[in-house]
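This report concerns only the one structure given below.
The values are calculated or read from the model by the stated rules, or taken from the named source; none is laboratory data. Keep in mind that this is a model prediction, so the values were computed, not measured. Every residue, glycine among them, receives a Cβ derived from its backbone with ideal geometry; neighbour counts consider all protein chains shown.
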Amino acid sequence: MSLYQVSVLKQYLSLQDPDVVAKAYKKYSAYFLNPTIQENIRNSKEEEYQGIFLTELFGTILGYTLKPNADFNLVAEYKNETNARKADGAILHKDIAVGVIELKGTNTKDLESILKTQT
């Protein structure tokens with residue numbers, strides 16, 4: 001089962017600047033496709049890698065600004081608005097969470113259990 005319909009993906013992809021996407025993918029490839037970094041990520045606990053992941057993917061590659069920097073739009077350990085739980089991070093727009101980031105382990109069992117609960 002797809003997360004998005006193909007027509008919806010095509011619509012939003014057509015709105016993206018190809019040069020910006022290419023630059024971001026180049027940064028992504030240099031970091032996340034590096035075999036040494038991949039192995040170190042696999043050998044890290046979620047808690048060890050969480051801050052680095054937010055900084056590298058959302059900050060360096062996607063251009064968000066992580067708190068405590070001025071005019072931040074990305075926070076770590078975001079408290080859920082409806083209960084006491086915390087997400088690993090959140091993307092903010094005018095101080096309102098518009099995206100929630102939840103990291104999970106890289107082992108297959110974790111991924112399989114996540115996918116089972118979503119279908």
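Here are some notes:
- Test for Glu39: is it at pLDDT below 95, under 24 Å from Lys26 (Cα atoms) and of a type in the set (Asp, Glu): yes
- Look at segment 57-80: where a residue is touching a residue at least 24 places away in the same chain (Cβ under 8 Å) and a partner is assigned to a loop (DSSP other than H, G, I, E, B), sitting 6+ places away or on another chain with Cβ atoms under 6 Å, you get Phe58/Tyr64; Tyr64/Asn73.
- Unique residue being exposed (fewer than 12 other Cβ atoms within 10 Å of the Cβ) and not β-branched (Val, Ile, Thr) when the list is Lys79, Lys10: Lys10
- Hits in segment 1-51 - residues which are of a type in the set (Val, Ile, Thr) and within 16 Å of Leu62 (Cα to Cα): Val20, Val21
- Count of residues meeting criterion [aromatic (Phe, Trp, Tyr) and either under 16 Å from Ile91 (Cα atoms) or surrounded by fewer than 12 Cβ atoms within 10 Å (Cβ to Cβ) (or both)] in segment 26-61: 2
- Matching residues, segment 92-107, being surrounded by 17 or more Cβ atoms within 10 Å (Cβ to Cβ) and either under 13 Å from Phe58 (Cα atoms) or among the charged types (D, E, K, R) (or both): Leu92, Ile101
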